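Rule-based calculations on the coordinates, nothing more; no lab input. Because the structure is predicted, anything quoted here is derived from the model rather than measured. Ideal geometry is used to build each Cβ from the backbone, glycine not excepted, and the neighbour counts take in all protein chains shown.
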Amino acid sequence: MPNTETVRRQRAIGGTLGVAVLAFALFYHFFPQALHVRPTQNTPRSPLRGQPAVMGFDQRPQAAPQAVVSEIDSGPPLMLAPAAVIAARHREKTTDIALPAQKTPDSPELVALLDRGDKALAADRLVGGADSAAALFGRALKESADSRRALAGMEEVRGRLAAGIEQDIALGDAEAARESLAALKALPSSAAVAAPLQQRLAVLDKVRPLLGKAAAQMQAGKASQPKGDSALDTYRSVLQLDPENAVAEQGLTNVQRTVLDKALAAVAQNDFAAADAALAEAAAIAPESQALQDTRGRIEGMRRQNATTMLAQARTALDAGNLDLAQQLATKAQQISPDLAGIDDFNERMTNARLYASYKPGQVFADRFVDTTGQAPAMVVVPTGRFVMGSPEGENGHDANEAPAHEVQVGKGFAMARSSVTIGQFRDFVRASGYVPQSQSLGGGSVYDEQSGGLRDEPSVTWQDDYVGKPGQDRLPVINVSWNDAKAYADWLSKRTGKTYRLPSEAEFEYALRAGSSTRYWWGDGNPPARAENLTGGNDRSGSGRRWSNAFAGYKDGYWGPAPVMSFSPNPFGLYDMGGNVSEWVADCWHDNYVRAPRTAEAWVNPGCARRVIRGGSWGSAPNMVRSAYRQGASADLRNARVGFRVVREL
C-alpha cells in the first residue's frame, strides 16, 4: 500500500498538471485556429503518471487507446480542496462524536506515541507503514483503548481517508479510490463510513463508460441529436444514476452551448425560425443558465436590427409606390420581431396607401396644375366605411323615393372638395378653357324675388351673378350652373392636374353628409346648434323684413341668401356647407326609389338619362328638405339660384 505522503505529493503534482491541461484544453476548444488545428481534429493525449484522472474517469490507456475519447473535452476538471479541509468541513456539518470517558491518563510513553501520530497526521502520512498515522494511533489504542487523543486521531484518519476517496471518485480515479477504500475498511469502526463510499464507487464504475460515450458523441457532432443517441441523452442517463455527477452537469452545459451556437449560426443566415427552435431546445436543457440568457439577448438584438432594416426597406418600397413589395417586407419584418417599433405606423401608412393613395383620412390637400399655374380646390380625404342610405318610414318628412333604406359599403377611398365650387374658381375655369356655361348658351337662370318671396326665372342672369342677380363675389358658391356645367368643370380639373376629378355619386354625397351619423340631420334630430349651416332660420330676416314660412325655430345664421363658402362649422368629416348654403348636383341619374340600387358607393347611371339628382339643403330649403336622406331630381340643364356643386377626386 503506498505511503499517504507519497500519494499526497502525487496528487499535488497531478492537480497542477490537471490545471495546466485544463487551460490548454479550454484554449484549444475556443481558439483552435491559433494552434493551426481544425476544431474537428482530435489530438491523442498520453496520460501522466500520478496525474488525477480528469472529469470523472481514469484516463489511463485501455485496450484500444486510439479509440478512447479523453473526457477532458467534456469540460473543465473539478478544483477540490485538500482532504484535510474537506474532512474538516464534513465535521462542521455533522454532530460531534461523543468519545468515551478516559479512565486513566495517558502515560508518558503513550503521549510520545500520540505525538508521533499527530506529526504523521500533519505530514498527511495516513496509512501505508509503521510510521503512518493509522498505525501509530492503532498502537496507542491497543495500549489504552479509551485514550481520547488516540480515538480522535483515528477518527481524523478515517475522515481524511474518506475525503480522499471522495476526491478520487469525483476525479474518476477508481483505482486510487479502491486502494484508499481498502485502507479505510482495514481501520476499526469504519464500516459505516466505508459503505456509502463503496456504493459511490460502484456508481462510478457504471457511469465511467457512459461519460466516455458522451464525450465520443460530442466529438462526433451528436450533441443533442439524434434523439436516443446523443450526448444529451447519455449525460441525462448519468445523472439518473448519479444526480450530483459534476462531469455530466458540465456536459449538459457544453451540449447547451453547442445548441446555442446553432441558434447564432441560424441568425447569421437570417433563419430566425431555426434560431427560435434552437433556443427552445437549449431552454429545455438548462432553462436558467446564464449562457441561454446571454444568447437570447444577443439574438433578440440581432432580430430587432434585422427587422428594423427590413422595415426601412419596406418604407422605401412604399414611398416608391411598390405596395406589394412593401407589404412582403413588412410582413417578414413583423414575423421576425412581432413587437417591432414602428410597425403600427407602417401598417397605417400601408392602409392609407391602398385606400387613400398614401393620404390619411381627414387630410387636406390641393393638386397643382401640371401645365400652367393654379391649383384645384382644397380636398379632404373621406374615410372608408359603411352606412344606411335612405330614411326609415317613421322618419319625419320621409318620402317614398328615399326607400328602401339599404346598407352601402364605401370601400374605396376618395377625396371631396371641402366646399362648393366658388364663383372665382368657376371663373378661372371659363377663362382658361373657353367653355360657355349653359346660363349663357341657353340663356338665364333664376333669382330670388324679394317682392314675392320666391324664385323667378331671369333670362339675363348667369353663373357670375348672386342669388338676386347682382354680380357675385368670388367667395360665394357658384349658382345657376347646370349638371352639364358641373361635369365640364370636373373634366377640366382632370386635364389640368392629371388626376381623376368628377361629380360625387349620390351614395358618396349622403355618406359624406351624414359623416357617421344616422340621425335626421348630420348634427342630430332636432334644431341645429349655433353656426351649424346656412339654413332657413326662424330668426332670419330678409332685407325688407320677410320671414321664412317654414324654418328652424329660433335659429339664426345672419344670411338670407348664400353665404361665402366655409362661413359655418364643418361636419365631422371636415366638410363645409354639406347640409346648407346651396344644394348640389351629383353624378347619378334620377330613380324614383332605391329598388335595385347599388350596394356600393358607385354612381347609379343609366345611359342617356336626362334627369340627374340634387342632394343637400340650401339657404332657402324647408327643414324637411335639409334632412340627410332628402333627394330630388331635375333636368341636367337646370340653372337655379339654390343649386351649385362640388367635386370629388379619386384616390
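Things worth noting here:
- Computed FRET value (nearest 0.05) for ALA130 with LYS103, which takes r as the C-beta separation and R₀ as 41 Å: 0.90
- Semi-axis lengths, largest first, of the ellipsoid equivalent to segment 295-356 are 23, 10, 8 Å, with √(5λ) applied to each eigenvalue of the Cα gyration tensor.
- Sorting the segments 308-319, 266-277 by their mean number of nearby beta carbons within 10 angstrom, highest to lowest, gives 308-319, 266-277.
- Set of aspartates and glutamates near LYS556 by C-alpha distance (under 17 Å), chain-local residues within fewer than 8 positions excluded: GLU533, ASP540, ASP577
- Cross-link pairs beyond the 24 Å C-alpha cut-off, checked among LYS332/LYS412; LYS222/LYS262; LYS412/LYS487; LYS360/LYS499; LYS227/LYS262: LYS332/LYS412
- Debye-sum result for segment 446-499 in log10 I(q)/I(0), which assumes one identical scatterer on each alpha carbon, at q = 0.24 Å⁻¹: -0.95
- For LYS103, a cut-off of 19 angstrom between C-alpha atoms picks up these aspartates and glutamates, skipping any fewer than 8 places away in its own chain: GLU143, ASP146.
- About the Cα centre, charge dipole magnitude for segment 295-356 (Lys/Arg +1, Asp/Glu -1 at Cβ), debye: 280
- Largest first, the three principal axis extents of the alpha carbons in segment 265-415 are 76, 51, 20 Å in whole numbers.
- Value of Rg to Rh for segment 577-651 (Rh from inverse mean 1/r over Cα pairs, i.e. Kirkwood): 0.96
- Those aspartates and glutamates that a straight Cα-Cα span of less than 19 Å connects to LYS213, excepting residues fewer than 8 apart in one chain: ASP58, GLU71, ASP73, ASP173, ASP205, ASP229, ASP233, ASP242, GLU244, GLU249
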